[in-house]
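> Got a structure for you, questions after.
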Amino acid sequence: MRFRNSASGHIEEFGEATWLWMLLLGPIYLAYKQMWLQAAIAAVIAVFTGGVSWVFIYPFIAKRIVRAHYAKAGWTEVADGAVVTNASGARTIDVQILPKAPDGYYRTLSEVHIKLVRWTPFEQKFTQEDAAQRLKEQTLALGGNAIINVRYEQKDKTHSTAGYVEAWGTAIINESDSIACPYCAETIKRDAVRCKHCTADLAGTRI
């Protein structure tokens, strides 16, 4: 399960073994996920039922509790691989992973990082494509349109063992080397000192 905050673009993830963590940790797991009200309610019920609810009820309704919490908070559930769109209309599929820094102008935003952990055999195996998708989502939330210096580390070779995929990169805004002339609006090179269309003198003009 994945939930996205439409205001910040942040995405919170829950693995397939959420029920198992609920069984092992009970209210502590809900508190760890900062679901304070649900954690308090679960703790009170666990006390009154002698821990029976912790073992026989909450693991079976774990996903329902999580979905209800994020829906009430205004978050949207996002399917794996779904195209995410930010407030300006940009999409994750528009974010490029570049093999090297662009030759033209670009602005560095921030480092992006994701670690997808497969804690138990009950959960899906993550791939580099999954990690790349998360990096794109983070870059989109920052207002970027490209990622450079991407590198991966992966550990998960068998079905029975846990593992992870970790990825790093640098989110950037890749800006075109072509811009509009401030006088005639025709397309010119960013470094031009004179417009080839209207012959306006651009020396000293910040574009």
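> Please tell me if residue 136 is modelled with pLDDT under 85 and either surrounded by 16 or more Cβ atoms within 10 Å (Cβ to Cβ) or of a type in the set (Gly, Ala, Ser) (or both).
no
> Considering the stretch 129-147 alone, what residues qualify as being in a helix (DSSP H, G or I) and among the β-branched types (Val, Ile, Thr)?
If the condition is that a residue be in a helix (DSSP H, G or I) and among the β-branched types (Val, Ile, Thr), then 139 is the only one that fits.
> From 90, 43, which residue is more than 17 Å from the chain's Cα centre (by Cα) and surrounded by 14 or more Cβ atoms within 10 Å (Cβ to Cβ)?
The conditions single out 43.
> Quick test of your reading of the structure: residue 38 fulfils all but one of (1) at pLDDT 90 or above; (2) surrounded by fewer than 16 Cβ atoms within 10 Å (Cβ to Cβ). Name the failing condition by number.
Failed condition: (2).
> Just the residues that are aliphatic (A, V, I, L, M) and either in a strand (DSSP E or B) or under 15 Å from residue 78 (Cα atoms) (or both), please, taken from the stretch 1-28.
Within the stretch 1-28, 1, 7, 11 qualify.
> Check off (1) open to solvent by less than 80 Å² (accessible area, probe 1.4 Å); (2) modelled with pLDDT of 90 or more; (3) closer than 21 Å to residue 116 by Cβ for residue 67 and give me the number that stays unchecked.
With (1) open to solvent by less than 80 Å² (accessible area, probe 1.4 Å); (2) modelled with pLDDT of 90 or more; (3) closer than 21 Å to residue 116 by Cβ applied to residue 67, the lone miss is (1).
> Looking only at residues that are in a loop (DSSP other than H, G, I, E, B) and modelled with pLDDT of 75 or more in the stretch 174-190, which one is least open to solvent (accessible area, probe 1.4 Å)?
Residue satisfying both the conditions and the ranking: 181.
> Can you name the condition, by its number, that residue 82 falls short on among (1) open to solvent by less than 40 Å² (accessible area, probe 1.4 Å); (2) touching a residue at least 12 places away in the same chain (Cβ under 8 Å); (3) of a type outside the set (Asp, Glu); (4) over 27 Å from residue 23 (Cα atoms)?
Answer for residue 82: the failing condition is (2).
> If residue 101 meets every condition in (1) more than 19 Å from residue 175 (Cα to Cα); (2) of a type outside the set (Asp, Glu); (3) surrounded by 12 or more Cβ atoms within 10 Å (Cβ to Cβ) apart from one, which number is that one?
So residue 101 meets the others, but not (1).
> Out of all the residues in the stretch 106-143, which are among the hydroxyl-bearing types (Ser, Thr, Tyr) and more than 10 Å from residue 172 (Cα to Cα)?
If the condition is that a residue be among the hydroxyl-bearing types (Ser, Thr, Tyr) and more than 10 Å from residue 172 (Cα to Cα), then 120, 127 are the ones that fit.
> What's the number of the only condition in (1) part of a helix (DSSP H, G or I); (2) farther than 28 Å from residue 4 by Cβ; (3) open to solvent by 60 Å² or more (accessible area, probe 1.4 Å) that residue 50 fails to meet?
In the conditions (1) part of a helix (DSSP H, G or I); (2) farther than 28 Å from residue 4 by Cβ; (3) open to solvent by 60 Å² or more (accessible area, probe 1.4 Å), residue 50 misses (1) alone.
> If residue 25 meets every condition in (1) within 28 Å of residue 125 (Cα to Cα); (2) in contact (Cβ under 8 Å) with a residue 40 or more places away in the chain apart from one, which number is that one?
The single condition residue 25 does not satisfy is (2).
> Something else now. Please work out which residue is nearest to the chain's Cα centre (by Cα), limiting yourself to the stretch 46-74 and to residues that are within 15 Å of residue 19 (Cβ to Cβ) and hydroxyl-bearing (Ser, Thr, Tyr).
If we take residues in the stretch 46-74 being within 15 Å of residue 19 (Cβ to Cβ) and hydroxyl-bearing (Ser, Thr, Tyr), then 58 is nearest to the chain's Cα centre (by Cα).
The values are calculated or read from the model by the stated rules, or taken from the named source; none is laboratory data. Predicted, not measured: the structure shown is a model, and the values here were computed from it. In this analysis, Cβ positions are derived from the backbone assuming ideal geometry, glycine residues included, and neighbour counts consider all displayed protein chains. For the accessible areas, the whole protein counts, side chains as well, though only heavy atoms, and no ligand, DNA or RNA atoms are used. Shrake-Rupley method; radii C 1.70, N 1.55, O 1.52, S 1.80 Å.
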